[in-house]
1. Quick one: if you stick a label point 7 Å off each Cα along the C-beta vector at THR15 and ASP36, how many nm between them?
2. Which GluC sites (Glu not before Pro) from the chain combine a DSSP loop assignment with at most 12 other Cβ atoms within 10 Å?
3. Loop only by DSSP, 14 or fewer other Cβ within 10 Å of the Cβ. Give me the trypsin sites (Lys or Arg not before Pro) in region 1-78 that pass, ordered by residue number.
4. Over the chain, what percent of the accessible surface lies on carbon and sulfur atoms, probe 1.4 Å?
5. Averaged per residue, what accessible area in Å² does the chain show with a 1.4 Å probe, protein chains only?
6. Among all lysine pairs in the chain that are eight or more places apart or on different chains, how many have alpha carbons less than 20 angstrom apart?
7. Let's see if you can work this out: charge +1 on each Lys and Arg Cβ, -1 on each Asp and Glu Cβ, no other charges. What is the dipole magnitude of the chain about its Cα centre, in debye to the nearest 20?
8. Using only Cα atoms, locate the centre of region 1-16 and the centre of region 17-62, then give the distance between them in Å, rounded to an integer.
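The values are calculated or read from the model by the stated rules, or taken from the named source; none is laboratory data. Worth saying up front: this structure is predicted, and the values here are computed from it rather than measured. Glycine gets a Cβ as well: all are built from the backbone with ideal geometry, and neighbour counts include every protein chain shown. The accessibility values were calculated without ligands, DNA or RNA, using every heavy atom of the protein model including side chains. Shrake-Rupley method; radii C 1.70, N 1.55, O 1.52, S 1.80 Å.
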Amino acid sequence: MRLDNWLTRARFCKTRRQAHKIITGPGFRLNGRKIDKVHVRVAEGDVLVMFHLGALAEIHVTTFPLRRGNADEARSCYIRKAV
């Protein structure tokens, strides 16, 4: 699944345009490397480091959401750890 699509469906942002800003913004890393393309594929087990809720967070991808559902569905797709 595309990274921007995953961020949108996991409710880290409302639109893919906002996902683009997050991905290309400061502090975002996918498996330890800086990403400059939003169409990068994300896989189960990947680790994202990004600013979330005003703090740097480590997000572990556990599954792919089928749609942009409610917050409980979205939270079941990842594990968030504070850095």
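1. 2.5 nm
2. On the way: sites: GLU44, GLU58, GLU73; in loops: GLU44.
In loop regions of the chain (DSSP not H, G, I, E or B), the sparsely surrounded GluC sites (Glu not before Pro) are GLU44.
3. On the way: sites: ARG2, ARG9, ARG11, LYS14, ARG16, ARG17, LYS21, ARG29, ARG33, LYS34, LYS37, ARG41, ARG67, ARG68, ARG75; in loops: ARG11, LYS14, LYS34, LYS37, ARG67, ARG68.
Of the trypsin sites (Lys or Arg not before Pro), the ones in loops of region 1-78 whose Cβ has at most 14 other Cβ atoms within 10 Å are LYS14, LYS34, LYS37, ARG67, ARG68.
4. Working: 2580 of 5030 Å².
On the chain, the fraction of accessible area on carbon and sulfur atoms equals 51 percent.
5. On the way: 5030 Å² over 83 residues.
Per-residue accessible area for the chain comes out at 61 Å².
6. Numbers: LYS14/LYS37; LYS21/LYS34; LYS21/LYS37; LYS34/LYS81.
Summing the qualifying lysine pairs gives 4.
7. Working: 17 positive and 7 negative charges, 63 e Å.
It comes to approximately 300 debye.
8. 10 Å
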